Amino acid sequence: MMEVVEIAEEAPARSQFTVDDLDIEILPLVYEIIRSVEKDPHDNTQKAKDSQDTSHKILDLQKKLDSARSQIKKLPGIEYSKEEQLQKLETLRRQLKLKRELLLKYRNMCTFDVPKV
Amino acid sequence: MASNRSTREVLLSLVDDMELIAKELIENTIAQKHLKLSSSEHAQLTELLVAKDNELKSTLQLASEQAKINQKMDSLKEEVERQDQDIQQLQRQLKEAEQILATAIYQAKQKLQSISRANKRPVPSEELIKFAHRISASNAVCAPLTWQQGDPRRPYPTDIEMRLGVLGRLSDLPLNGQMIGSHPGIPAELHRAGHPAGEPPVSQANQFAWHPSGEIHMSVGGQGSVAMNTHKQETEDVEVMSTDSSSSSSSDSQ
């Protein structure tokens, strides 16, 4: 939960949260957990300590996944799939073009003939 | 990947998948020997996890591209907004211009109408001059050159003329209705064009007349007026001024 809180505090200060700011490496954690589970010490005290360690790591993994979800929710510009986004971009471009043309039309249509005296 | 799903949904579902696979893997690792999956299945699960991770990475790459596109869209939106404002301003100005032009056209049309009306019935200048003579004959616009103090002829309606008018008759109406009958004879008195200068008609009403200074003067024959108020300073001023004007007018006529 630590990371989630940290990011939530950071987000308002920053204008944009980008993919480079993401921290969602999951595989190393999974690897760590499996390794610590498969380690089979003979010493009983060591065993108890290890299992405690493992459960701690599993909790960490859970936190990591949650934080990954909340970070993904903060990413800008992924409300649509890329195709849709490109479509919308094209629509905006067309709109801008139309508006520019309209402005030009307005500006050029009002040329009054100077009455000949 | 379905194209109608947003990239965010795709990313979230990938994370969900990875969570499930990781759980499966870990559970499998802790499970009892006889419940364990075969090593080939285990390897498949691991490969799937890695594949999902790769997919996540590539989708994140896509997300970063989309973030850039988003920036472009934002700037485009700003531009569109600016153009919108420009268009609105222009429309406002056009509306104003239209209004001004409409008023101008309306006025011009009215002028054209009156011009065509004048063209239809032209008035000869001689008739105009005759009419002007008729108006000024009763001293309605200007006092006669030979005007002197006590002369009742004025370029504005005198007390008696006001009483003869509609307004004067209005106040008389409730008092004596038979006055209306006597009116037709009175307008003859208004035509004072024939009166010789300096010889006001000897009428009781004409003896009192309002001067611009607001004081009542009583005209005595043709010899000038006597101020009835006791404001000496003011009446003297008025006397001096009126004599001045009469002397200047007499010098003009010479």
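Looking for something closer than 30 Å to B:ASN28 by Cα and either among the β-branched types (Val, Ile, Thr) or in contact with a strand residue (DSSP E or B) (Cβ under 7 Å, 6 or more places away or on another chain) (or both) - is there at least one such residue anywhere in region B:50-71? Yes.
B:ARG5 satisfies every condition listed in (1) at pLDDT below 90; (2) closer than 26 Å to A:LYS74 by Cβ; (3) more than 8 Å from chain A (Cβ to nearest Cβ) except (3). Outside any helix (DSSP H, G or I), among the aliphatic types (A, V, I, L, M), within 14 Å of chain A (Cβ to nearest Cβ) and surrounded by 13 or more Cβ atoms within 10 Å (Cβ to Cβ) - does that describe any residue in region B:31-40? Yes, region B:31-40 contains at least one residue that is outside any helix (DSSP H, G or I), among the aliphatic types (A, V, I, L, M), within 14 Å of chain A (Cβ to nearest Cβ) and surrounded by 13 or more Cβ atoms within 10 Å (Cβ to Cβ).
The values are calculated or read from the model by the stated rules, or taken from the named source; none is laboratory data. The structure presented is a predicted model; accordingly, all values stated were derived computationally and were not measured. Positions of Cβ are generated from backbone atoms using ideal geometry, with glycine treated the same way; all protein chains shown enter the neighbour counts.
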